[in-house]
């Protein structure tokens with residue numbers, strides 16, 4: 001067995017021991033046979049056992065929780081022990097009856113949490129997928145495009161039109177004035193491989209942007225610049241739609257089962273999309289028809305509701321597969337036709353083609369792939385519309401504002417995480433499917449006491465969310481991301497009572513960095529948390545009059561990226577318009593001479609606050 005597999009095997013043992021010690025109804029569940037199974041299968045199957053096979057065990061367990069029974073077809077591929085799977089039987093029999101397979105009247109919550117922790121610990125281990133799995137994901141991306149071009153929605157389009165017109169006509173009830181919107185460059189990549197400060201010097205613009213986002217207003221920092229011979233409006237290169245660069249489709253790590261596919265937008269499209277996106281999210285966040293029900297920054301609402309719903313069973317959680325890729329452009333055009341000024345602006349900064357890694361260029365039938373700044377708000381509006389359509393149909397109600405308000409009292413949308421009343425969930429899922437969405441039944445819950453939304457997993461009012469191991473053991477200080485991630489994982493394990501696991505990871509980190517301090521949860525230092533929020537103190541700062549520690553702090557890695565002249569002035573004005581107090585405090589004083597290298601960090605010792 002390879003050394004990294006031995007490290008993970010040792011980690012498995014610690015997780016099993018900690019999970020066993022937390023089982024209240026039968027402490028110290030035997031784990032030796034389970035460890036033999038894990039070791040044998042890890043030896044023969046490799047890391048796919050931990051990253052793919054064990055998570056599939058977890059999904060079967062959740063299905064059994066939902067239907068309150070381990071059925072004869074549950075846990076395929078796993079040996080049986082009476083009515084239960086033989087693997088983890090010590091834990092499973094604290095949840096289900098070995099004689100009948102039925103859910104116990106008082107299942108051990110710690111056992112439920114333990115089974116899920118064991119099953120999902122390595123689900124998100126950061127490793128490249130096999131070429132076959134990458135190709136399969138890209139092939140599915142193409143198939144969804146074909147599906148959208150060949151399949152017509154079977155839902156009630158007339159009702160969809162009426163709901164869209166009334167709902168969004170009232171949310172966006174003022175004429176859009178794009179000249180008042182402030183565009184903004186995001187921190188991510190661009191289709192042209194332009195990054196950092198170079199984004200402020202680009203002079204390529206799409207002709208169809210001009211009526212809504214004129215180049216003289218959004219590329220020039222002042223009227224004086226317009227006539228500049230070397231950097232004025234005459235230097236802007238305009239592309240007609242036929243010659244616009246496509247979005248660049250790439251794969252990024254998600255799980256070993258398959259990568260995530262995103263589309264990287266051209267600079268000018270990303271720039272203008274940010275302006276519209278902030279406008280749309282602001283309107284949705286303040287309208288009496290949607291405020292608090294369509295959310296973009298506050299996941300706590302869905303998390304809290306998932307927790308309470310797991311106890312009282314009043315709400316269901318729905319998750320969608322290929323969520324952004326299954327939002328059809330044709331239906332978004334229909335949905336927003338009542339807001340012609342908004343629709344035209346959205347279509348102007350929507351990319352129409354996508355280039356696959358193979359070089360093949362697709363004409364997009366979806367509204368936008370993940371990567372567009374408009375993807376998140378538009379898909380949320382689409383799902384919300386479909387839910388309203390479903391609930392009005394179910395209750396045979398006419399389309400009125402009062403009825404829309406009434407049926408959405410317990411509807412919440414955050415991206416593709418949807419919460420609806422449990423009595424309505426089947427109808428909502430049917431409507432979503434009729435309008436070309438794909439419900440992920442493995443991650444949607446309405447029966448039983450398990451719920452999952454926005455990263456919170458709950459059973460009967462208890463948090464049973466697993467802690468994920470994202471990286472393997474690092475062996476030197478150069479593996480900064482691995483060190484940062486494992487410190488966070490160790491602290492999560494410690495706070496949920498998995499002390500052997502936390503101690504093992506802690507020993508790995510301190511073998512590289514030396515002893516780390518105890519810190520408060522808001523400290524910028526790398527260190528260990530405590531239940532009492534205690535912290536180490538090395539000195540009192542004479543200048544700041546506060547306790548300080550000498551500790552490792554995560555710092556971005558910069559590269560030289562000088563910005564001067566008109567472009568520097570443009571960056572100043574744009575950032576001044578959208579900057580918050582926190583942004584001002586955290587601003588890099590040298591931002592005009594350097595840019596942070598994306599995805600790269602360093603750790604350095606410095607004096608800092610321990611809390």
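Observations, loosely collected:
- Qualifying residues in the stretch 1-51 (those that are over 32 Å from the mean Cα position of the chain (by Cα), within 24 Å of residue 257 (Cβ to Cβ) and not in a helix (DSSP H, G or I)) - the one modelled with the highest pLDDT: 2
- Boolean, residue 586 is modelled with pLDDT of 80 or more and within 31 Å of the chain's Cα centre (by Cα): no
- Within the stretch 169-196, being in contact with a helix residue (DSSP H, G or I) (Cβ under 7 Å, 6 or more places away or on another chain), outside any loop (DSSP other than H, G, I, E, B) and either crowded, with 18+ Cβ neighbours inside 10 Å or modelled with pLDDT under 95 (or both) holds for 171, 178, 179.
Condition check ((1) in contact with a helix residue (DSSP H, G or I) (Cβ under 8 Å, 6 or more places away or on another chain); (2) in the same structural domain as residue 269 (by TED's automatic domain parsing); (3) under 30 Å from residue 250 (Cβ atoms); (4) not in a helix (DSSP H, G or I)) across all residues:
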site	(1), (2), (3), (4)
377	yes, yes, yes, no
381	yes, yes, yes, no
392	yes, yes, no, no
397	yes, yes, no, yes
403	yes, yes, no, no
410	no, yes, no, yes
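- Test: residue in the stretch 478-488 that is part of a loop (DSSP other than H, G, I, E, B), over 22 Å from the mean Cα position of the chain (by Cα) and at positive phi: no
- Candidate set: the stretch 521-563, residues that are in a strand (DSSP E or B) and in contact with a helix residue (DSSP H, G or I) (Cβ under 8 Å, 6 or more places away or on another chain); chosen: the one nearest to residue 195 (Cα to Cα): 559
- The number of residues in the stretch 226-268 being closer than 29 Å to residue 140 by Cβ and either in contact with a strand residue (DSSP E or B) (Cβ under 6 Å, 6 or more places away or on another chain) or in a strand (DSSP E or B) (or both) comes to 19.
- Within the stretch 38-52, the residues that satisfy the criterion of being under 21 Å from residue 17 (Cβ atoms) and surrounded by fewer than 16 Cβ atoms within 10 Å (Cβ to Cβ) are 40, 43.
- Some residue of the stretch 279-293 being closer than 20 Å to residue 208 by Cβ, surrounded by 18 or more Cβ atoms within 10 Å (Cβ to Cβ) and touching a helix residue (DSSP H, G or I) at 6+ places or on another chain (Cβ under 6 Å): yes
- Residue satisfying condition, being buried (at least 18 other Cβ atoms within 10 Å of the Cβ), part of a loop (DSSP other than H, G, I, E, B), at pLDDT 95 or above and touching a helix residue (DSSP H, G or I) at 6+ places or on another chain (Cβ under 8 Å), within set 316, 368: 368
The values are calculated or read from the model by the stated rules, or taken from the named source; none is laboratory data. Since this is a predicted model, take the numbers as computed values, not measurements. In this analysis, Cβ positions are derived from the backbone assuming ideal geometry, glycine residues included, and neighbour counts consider all displayed protein chains.
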